[in-house]
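These notes concern the structure reproduced below.
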Amino acid sequence: MNDLPKDDAWLARPSSIRLLWKVLWGVLALTVAAQLVIKIKGYFGIDDWFAFGAVYGFLACVAMVLVAKGLGYLLKRDENYYAAEDERD
Amino acid sequence: MTEFLPPALILLAGAILIGPLRGHLRSAVVLVAPLLTLWAVWQVPDGVVTTAPFLDYVIEPVEGSPLRRLFATIFALMAFVGGLYAFRQAKWYELAAGYAYAAGAVGVSFAGDLITLFIFWEMMALFSTVVVWAGGTPAARAAGIRYAIMHLLGGIILKVGIEGVVVHTGSIDIQPMLATNFDTWMVLIGILINAAAPPISAWLADAYPESSPTGSVFLSAFTTKTAVLALILLFPGEPVLIWVGIYMVMYGIIYALLENDARRILAYSIVNQVGFMVCAIGIGTQMALNGAAAHAFAHIIYKALLFMSAGVVVYRTGKSKCTDLGGLFRTMPLTTICGIIGALSISSFPLTSGFTTKSMISEAAIGEGLVLIYMLLTAASAGVFLHAGIKFPWFVFFQKDSGLRPKDAPWNMAAAMVIFAALCILIGIFPEPFYQFLPYTTDYVAYKPGKVLFYLQLLLFSGLAFFLLLPLMRRTLTISLDFDWLWRVLFYRAGGALLRILAGIGSAIEAGIRAWVSSLRDVARRHLGFVESNRDYGIFARTWQIGTTALWIAILLSVYVLTYFIS
């Protein structure tokens, strides 16, 4: 474990990161597959569809990141913006 | 009426003693005063237990109810764990101000009338400002002034509303109302400013991250959550709160996604979480109000835990920007684990406190048939995992190797984090004992297999989205503009422009007067004065012959004499 001087942390090795990605995909598949066994109670028609939670969660996050990215062009300023603003006068 | 001193006074006495005491005695006061307060909180029975005359009114400094005890309990507990976290590192005046601030929160919890509420409310505004100032940097000083202006303004608006309600209804009692007229709107707006509702939310992310590593832990807990309590007491079922809450939820996510400073990410996510509570209060059913109260309780714990882990990082490295941090898990395992537990709780991951409290709010939305609200809250739950659940620990503790190898937390900071991390998991695994302390009796079941599976799908695929979209979320050295840009820049510039215009008009007038005066002087010089050369005399400055002068005097005298005789 301790033979590499700098990147000796297990989590930082490329091989472990590849393994973690595989585990993540496996767990994701498992949560969707589990819906075959465990029934998700729907409240309004579509939310008990197969993998609805997965798709909804994923798409909601993609939408939020894109909205944030778009708003960023409008709202983002250099971190010294207000300090520079104070020095204008 | 039985005399029962407000439990807040114990904490306030502690705050006063912190200054003069030194060494172990001071530490003892820091650790014991909140515990004594906690004990006193649980001695308060239901109903009004203390009254006192004040001006022409009978005020009720102590009124007990399950809801009030629940909030006072978490405020006192927060003071204890916050004190434990801070007492070896914080400056004494920050501790004292923090305790007085917490005392204000406990005082608001038991306030039976609007006057008492207002007094403790203002106490919080004053001492929280001192906590911001205790950050000690020029940026903290400036942010503290902006923070104080905002809260004193909010206090005035609240006061206007309270005066109106008292004058028009004749009652100072705290009782449910709806925003139907000017008075009640003022009360609502005054409270919402403290809840960081739009458009006045920027103060929170402006001030909290400028405080010290220990100060931000105190700040994260009290102001917004006393506002939540005040809303539950005064405005349950006020429909406008539903959409105010939804806005706050989305605002918190978007701004946190854009943010680079770790503590500012957490500050935005306070607004996001309080949004869930405000929305629940707007729904206003028993289930919803239980959810709001339970979520406030759980939120104080995991949010303080998150600020503690970020605080340890700032304390050890002096850095809080994601661009400077990363890879800290190597040397800070405990802080990393506690940060992750806080992050999972805020994301309401199953087996953490967030899951057992926030799901009540979603369930309440379904119970009222608010499908759109439910869907938005569910999307927001995914978004919370995105911006706080993964983004915070990922960029601070993992990400790249920043080369920093700081030591892990000092023992007292570690102990405080472990206590709150344990509580997050305890409430997550055994919610039933906790549910007994909620304002309304409930047989709510948090864990149903289908629901757990749904949230696992939702959250884990949000996680997938985060890692797939990482290239889009590259950290930049930026801040994001908020509504406060209006008064920090636009109004400021407009004021400057107005000043320049007025100054222009002023100097134009001045130049006009000057030109007029100098032309007058020319006229006078031409007719009256004489010029250096001694030749170019004005009419009246020429020398006259003695004879001419005598003649003129004789003429004047004759005219005078003639006039005298004629009249």
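Scanning region B:290-316 for residues that are of a type outside the set (A, V, I, L, M, F, W, C) and farther than 16 Å from B:ILE265 by Cβ yields a total of 5. Taken across region B:338-345, residues that are over 20 Å from B:ILE429 (Cβ atoms), in a helix (DSSP H, G or I), among the aliphatic types (A, V, I, L, M) and assigned by TED's automatic domain parsing to the domain that holds B:ALA267 do not occur at all. Residues of region A:12-44 that are within 11 Å of chain B (Cβ to nearest Cβ), in a helix (DSSP H, G or I), over 18 Å from the mean Cα position of the chain (by Cα) and small (Gly, Ala, Ser): A:ALA12, A:ALA33, A:ALA34.
Mind checking whether some residue in region B:403-423 is within 12 Å of another protein chain (Cβ to nearest Cβ) and either small (Gly, Ala, Ser) or open to solvent by 30 Å² or more (accessible area, probe 1.4 Å) (or both)? Break it down into steps so the answer makes sense when it comes.
Here is the first cut: in region B:403-423, the ones within 12 Å of another protein chain (Cβ to nearest Cβ) are B:403, B:405.
The next check asks that each one be either small (Gly, Ala, Ser) or open to solvent by 30 Å² or more (accessible area, probe 1.4 Å) (or both); those that pass are B:403, B:405.
Within region B:403-423 (the criterion being within 12 Å of another protein chain (Cβ to nearest Cβ) and either small (Gly, Ala, Ser) or open to solvent by 30 Å² or more (accessible area, probe 1.4 Å) (or both)), the answer is yes, since at least one residue qualifies.
Scanning region B:102-118 for residues that are of a type in the set (Phe, Trp, Tyr) and open to solvent by 10 Å² or more (accessible area, probe 1.4 Å) gives a single hit, B:PHE118.
Just one of the listed residues (B:ALA262, B:ALA230, B:ALA256) is farther than 23 Å from B:THR476 by Cα and either in contact with a helix residue (DSSP H, G or I) (Cβ under 7 Å, 6 or more places away or on another chain) or open to solvent by 10 Å² or more (accessible area, probe 1.4 Å) (or both), and it is B:ALA230. Residues in region A:45-77 that are facing chain B (nearest Cβ under 7 Å) and either of a type in the set (Asp, Glu) or over 18 Å from the mean Cα position of the chain (by Cα) (or both): A:LEU71, A:GLY72, A:LEU75, A:LYS76, A:ARG77. Selection within region B:82-97: residues that are farther than 12 Å from B:LEU12 by Cβ and buried (at least 24 other Cβ atoms within 10 Å of the Cβ). The member of this set that is modelled with the lowest pLDDT is B:ALA90.
Please find, within region B:483-504, the residue that is farthest from B:TYR268 (Cα to Cα) out of those that are of a type outside the set (A, V, I, L, M, F, W, C) and within 11 Å of chain A (Cβ to nearest Cβ).
Quick first cut of region B:483-504, residues of a type outside the set (A, V, I, L, M, F, W, C) only: B:484, B:488, B:492-493, B:495-496, B:500, B:504.
Narrowing further to those that are within 11 Å of chain A (Cβ to nearest Cβ): B:484, B:488, B:492-493, B:495-496, B:500.
Numbers: B:ASP484: 14, B:ARG488: 19, B:TYR492: 25, B:ARG493: 27, B:GLY495: 30, B:GLY496: 31, B:ARG500: 37 Å.
This residue is B:ARG500.
Taking region B:18-42 only, how many residues are hydroxyl-bearing (Ser, Thr, Tyr) and under 15 Å from B:VAL106 (Cβ atoms)? Write out each step before concluding.
Pass one, region B:18-42, residues hydroxyl-bearing (Ser, Thr, Tyr): B:27, B:37.
So of that shortlist, the ones also under 15 Å from B:VAL106 (Cβ atoms) come out as B:37.
Residues flagged as hydroxyl-bearing (Ser, Thr, Tyr) and under 15 Å from B:VAL106 (Cβ atoms) within region B:18-42 amount to 1.
Among the residues of region B:253-272, those that are more than 14 Å from the chain's Cα centre (by Cα) and either among the charged types (D, E, K, R) or closer than 18 Å to B:TYR302 by Cα (or both) comprise B:ILE253, B:ALA256, B:GLU259, B:ASP261, B:ALA262, B:ARG263, B:ILE265. Here region A:78-89 is the region considered, the condition is being assigned to a helix (DSSP H, G or I) and at the interface with chain B (Cβ under 7 Å from one of its Cβ atoms), and the residue that is surrounded by the fewest Cβ atoms within 10 Å (Cβ to Cβ) is A:GLU85.
Considering the conditions (1) free of Cβ contacts under 8 Å to residues at least 60 places away in the same chain; (2) within 14 Å of another protein chain (Cβ to nearest Cβ), B:LEU459 is excluded by exactly one of them, (1). Taken over region B:469-482, the criterion of being among the aliphatic types (A, V, I, L, M) and either within 8 Å of chain A (Cβ to nearest Cβ) or not in a helix (DSSP H, G or I) (or both) is satisfied by B:LEU469, B:LEU472, B:MET473, B:LEU477, B:ILE479, B:LEU481.
Condition check for B:PHE466 on (1) outside any loop (DSSP other than H, G, I, E, B); (2) not assigned by TED's automatic domain parsing to the domain that holds B:TYR268: one failure, at (2).
The values are calculated or read from the model by the stated rules, or taken from the named source; none is laboratory data. The structure displayed is predicted, hence computed values, not measured ones. Because the Cβ atoms are built from the backbone with ideal geometry, glycine has one as well, and the counts that use them run over all protein chains shown. The area values use the complete protein model at the heavy-atom level, side chains included, leaving out ligands, DNA and RNA. Shrake-Rupley method; radii C 1.70, N 1.55, O 1.52, S 1.80 Å.
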